[in-house]
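What follows is a set of notes on a single structure, which appears directly below.
Values quoted throughout were computed directly from the atomic coordinates according to the rules given, and no laboratory measurement underlies them. In this text, all values refer to a predicted model and were calculated from it rather than measured experimentally. Please note: Cβ atoms are built from the backbone with ideal geometry, for glycine as well, and neighbour counts cover all protein chains shown.
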Amino acid sequence: MNMHKAIEDVHDAEAELAKRLRMTGERHASESDLYHLGHTLSRRSAEHLQALAPFADRYGAKPAPDDLDTSPGVLETVRRMGAQVIGHSEAAGLVLMADLRELYLAAQHAELAWVVLLQAAKAKRDAELIEVVTHCHEEAEMCGKWLRTRIKEAAPQVYAAG
Amino acid sequence: MTDRISDIWGSRTPYPTGADWPVRTDQYLADGVSEADVTWVQSACVLCSMDCGMDVAVQDGRIVGVRGRATDRVNHGRLGPKGLFGWQANAAADRLTRPLVRRNGNLEPATWDEAMDLVVERSRQVLDSHGPLGMGFYTSGQLFLEDYYTIGLVVRGGIGTPHLDGNTRLCTATSDFALKETFGSDGAPGSLTDFDSCDTLFIVGHNPAETHTVLWARILDRLAGPNPPRMVVVDPRRTKVAGAADVHLPVRSGTNLALLNGILRELIVGGHVDKSFVDAHTVGFDKLAQTVADYDPERVAEICAVPADDIRAAARLIGSAERLVSTCLQGVYQSHQATATACQVNNVNLLRGMIGKPGCTVFQLNGQPTAQNTRETGADGDMVGFRNWQNPDHVADLARIWGVDPLQIPAWSPPTHAMQIFRYAEEGAIRFLWITGTNPAVSLPELHRIRSILSQERLFVVVTDAFLTETARLADVVLPAAMWAEKTGTFTNHDRTVHLSERAIDPPGEARSDMDIFLDYARRLELSNSDGEPLVPWRTPEECFTAFARVTEGRPCDYTGLSYDKLRGGSGIQWPCNADAPDGTERLYTDHVFNTDPDYCEDYGHDLATGAALERKDFVAIGAAGRAVLKAAQYQPAHEPPDDDYPLLFTTGRTAYHWHTRTKTAHAPQLQNAAPEAWVELSPSDADRLGVAEGDVVRVESRRGRIEAKARISGVREGVVFAPFHFGYWDRDSDAPDGRPTAANELTMTVWDPVSKQPQFKGAAVRVERIADGGGVPAPAPTTTASEPVIGKLPPTSGGAGVRETVEQR
């Protein structure tokens, strides 16, 4: 039985998403919505992992330790200051699009990891796990939809202006 | 004669439940003017979103006074202090009367030809180098329908950029979006007459005693009559409204959603849900019930810092209402999780089945007098006639009427919101920005940033205004605009009442209406339709109105039954007004069929937490199809929680005596003297801890800036600091603080609601320190309003003598 593997995959994917949400927000701090929503959603990912923790124990999963401390470290401060320089230049748009696309893939990756775990939870008839995963999957899916919306709105200005 | 500065709401005319609100005609004429010598011209007030019907008194080509229109359904003859005195701004000595062009760093007088040639030349340059996406337009909530519709056609159909928004983004974007999310389209469901017949009022984040004084007069008359309505009020300040409430919930700023979720939970747990209504006319109940289940009163009390028993008491009042009116405004809209909260206020009425019938409705109110028209004409984040930008049939229909290729109309995304327009200007993506009738250098958040954006060499800024505002001082070209009463046009209030406002006097000097300026711009740019004819086919406001009525045919805001002639005399008329409803429509959704048919709806909706836009297939999957959508969201902590460095929460608002950045009201001596300078409000306990006495000068500082003003110790809740947002720098001949910052937006943060994109003006973390002794002299804040001092009794603010109130005897 590989339930522990499915849980570890979710853990890795959500931790990676949380980190990227925060980093992208820092790197594009002049895009205020990305900065604030990035941090909010990063916290939400951390909550997903907390909700999953009891099941990691139940199925003997040993997720890699993550670093989801939300207080701004030195690196983030540097990134934020860098963002102010990038934020006033005309090249900002291309950098933004590249980062948003990466972030979108991370969100897709996490969403799929939840789908896999949900399927496994159903086959295990684990009602508690099904409930938690259903909720977290919905939110992970919405994170992807948000990024898709944001990318669609940003693209014309970056590629079609001028 | 009454002093309507000290007596803001005028004399009481009590009335019982369900009766007609008595008529009381308010009139003010300048000293020495005799009624026999004036000519009355029909209009309506533009100093809040009530749009009270008024007549303008004209003598020798000048405005000399006003009176309320007794026949008007909105105000039954009454006017508020701003309406009674604000007209004096038209004759101000510092009106702009000639175009100004920046030469060698200075704004210098120029002819219209010189100014417009320059505007057109720069437009062409930017269009050549950057295309339509290099062009941005930021308009107002105070122009007329005809101005907006002309701007909308020129910008969207002609230039073809999505970068057009109104300052309505700061005031009513959340009203608009909350209505779209829940009911499928914009449009207030109810009528102001619902205040006559309700038995319970749920007033959320809204101080009508100062923002909508004539509405508050109506409520006061109910409160003074038999069977007064019970009131639940949510406001961090002890406003006059809060003082009259049965239950006042002074929540900690930024926690509205937790409170609303808590109240919804109590309604569900307490068995106050109208199950047959919810089953038949809504979708989403199970998800909503599941979402709010965790918000028990004890948990909510902890988040919001109000007693759990008060939350229960509020829910009991709302739950036992038979006719419930809920209202919502900036305390919700300009806070964290704005749209999510406003939707929960809709949900309160939907769970109780109280909508679409007398005394039962929800008001997502507006702030500005013509905000509704930016939404109807598509001069903001919407498409004309409440069309859905994601619906290709709607776009094609509009293109057909405009005579342009559907591809010409930017519909690949929603129209760009104001904060994003300024962001594009900041990064150099927008190179041309035309600002009409609004003052972002004072009214947008984080002012040092806005000033630096507008001051960029690479950005060409055109400002159309009646005064040399802080924003105009940063412009490359300034165009003098005609104001209200100097042009003819229409506008619509927050219960869908359309008024006609006739030209009463000539504009000063060479000032022109915004519609005329944009007609000139279109002509000079040679904008044309697919047949090579001029894009904008009208020349007069009336022709424009008729064209607009045509474009609304079959849409929720159907104007086809309205005309200038029909609006002349009598009362304003509520849309939809068409062949089926020739006298207008008092209430929407009386059959409980909502505008959520996927082919008809204005928007497919959003995820409330992230703002992710739903697509048609997502919306179809919800299965609303005529039912209202109960949307749910979890409370999230605010973006900038108080901490050791910045331990207090900052909130901003309006006083009864001023409008926006005071460009109009500071020119009316009665209003200006009532609130002559900035102040800051502290709670008694915070003042005590900080060693601040009434009238001492304090510095309020956030991570983004600081302001300095005299302190008023008021009934604001502990931990919250309030400042009015009116006080910028134009009357110091400056665009910037110059060492003495007073504009509240020096402190606010650049962040907005994920759905409505309305900036969050309320809830920045700040610290306060005392910087000078006030010598025992009280702060220059009004004493007749929410800024009433708690320490000692001061004489009432006064200086508005000479108003005649005539109560019609029945």
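Listed values, structure above:
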{"read-out": "Positive-end residue, chain B charge dipole about Cα centroid, Cβ charges, pick of B:GLY626, B:GLY77, B:PRO99", "value": "B:GLY77"}
{"read-out": "Relative contact order [Cα under 8 Å, 6+ residues apart], segment B:1-126, whole percent", "value": "18 percent"}
{"read-out": "Extended-chain gain in nm, criterion 0.36 nm per residue less alpha-carbon gap, B:ALA19 and B:ILE791", "value": "273.9 nm"}
{"read-out": "Net length gained if the chain between B:ASP731 and B:VAL120 were fully extended (0.36 nm per residue, minus Cα distance)", "value": "216.9 nm"}
{"read-out": "Relative intensity, log₁₀ I(q)/I(0), of segment B:420-546 from a Debye sum that treats every alpha carbon as a point, q = 0.15, 0.20 Å⁻¹", "value": "-0.89, -1.18"}
{"read-out": "Distance between segment B:340-403 and segment B:138-214 - C-alpha centres, whole angstrom", "value": "8 Å"}
{"read-out": "Counted charge near A:MET142, where neighbours are those whose Cβ lies closer than 12 Å (Asp, Glu -1; Lys, Arg +1)", "value": "-3"}
{"read-out": "Rounded if a/c under 1.5, otherwise prolate or oblate - segment B:152-221, Cα gyration tensor axes", "value": "prolate"}
{"read-out": "Least to most buried among B:VAL300, B:VAL807, B:VAL273 (fewest other Cβ within 10 Å first)", "value": "B:VAL807, B:VAL273, B:VAL300"}
{"read-out": "Least to most buried among B:ARG218, B:ARG770, B:ARG712 (fewest other Cβ within 10 Å first)", "value": "B:ARG770, B:ARG218, B:ARG712"}
{"read-out": "Lys/Arg +1, Asp/Glu -1 at C-beta; segment B:306-439 dipole; positive extreme among B:MET419, B:GLY403, B:GLY356", "value": "B:GLY356"}
{"read-out": "Relative contact order (%) - criterion: Cα under 8 Å, at least six apart; region: chain B", "value": "21 percent"}
{"read-out": "Gyration tensor verdict on segment B:266-340 (Cα atoms; rounded if a/c is under 1.5, prolate if a/b is larger than b/c, oblate otherwise)", "value": "rounded"}
{"read-out": "Only Lys, Arg (+1) and Asp, Glu (-1) charged, at Cβ; the protein assembly as shown dipole about Cα centre in debye", "value": "760 debye"}
{"read-out": "Over chain B: helical MRE at 222 nm, DSSP H runs n ≥ 4 each giving -39500 (n - 2.57), nearest 500", "value": "-7500 deg cm²/dmol"}
{"read-out": "Net charge over other residues, Cβ less than 14 angstrom from the Cβ of B:ARG662 (K, R count +1; D, E count -1)", "value": "-1"}
{"read-out": "Low-density loop positions, trypsin sites (Lys or Arg not before Pro), segment B:540-606 - DSSP coil, at most 16 other Cβ in 10 Å", "value": "B:ARG568"}
{"read-out": "Peptide B:160-166, shielding by other chains (average Cβ, 10 Å cutoff)", "value": "1"}
{"read-out": "All lysines inside 29 Å of B:LYS275 as judged from Cα atoms, apart from same-chain residues fewer than 8 positions distant", "value": "B:LYS180, B:LYS287, B:LYS357, B:LYS617, B:LYS631"}
{"read-out": "Net charge over other residues, Cβ less than 13 angstrom from the Cβ of B:LYS710 (K, R count +1; D, E count -1)", "value": "-2"}
{"read-out": "Footprinting exposure proxy for B:ASP686, B:ASP20, B:ASP165, B:ASP7 (fewest neighbouring C-beta atoms within 10 Å first)", "value": "B:ASP20, B:ASP7, B:ASP686, B:ASP165"}
{"read-out": "Size of charge dipole - segment B:497-603 - debye, nearest 20, with Cβ of Lys, Arg +1 and Asp, Glu -1, no other charges", "value": "340 debye"}
{"read-out": "Over 41 Å [Cα-Cα, the protein assembly as shown], rounded percent", "value": "35 percent"}
{"read-out": "Globularity index of chain B, i.e. its alpha-carbon radius of gyration over 2.2 N^0.38 Å", "value": "0.88"}
{"read-out": "Proximal lysines relative to A:LYS124, as straight alpha-carbon distance under 20 Å, when same-chain residues fewer than 8 apart are discounted", "value": "A:LYS5, A:LYS62"}
{"read-out": "Student exercise, chain B dipole from Lys, Arg, Asp, Glu Cβ charges, in Debye to nearest 20", "value": "940 debye"}
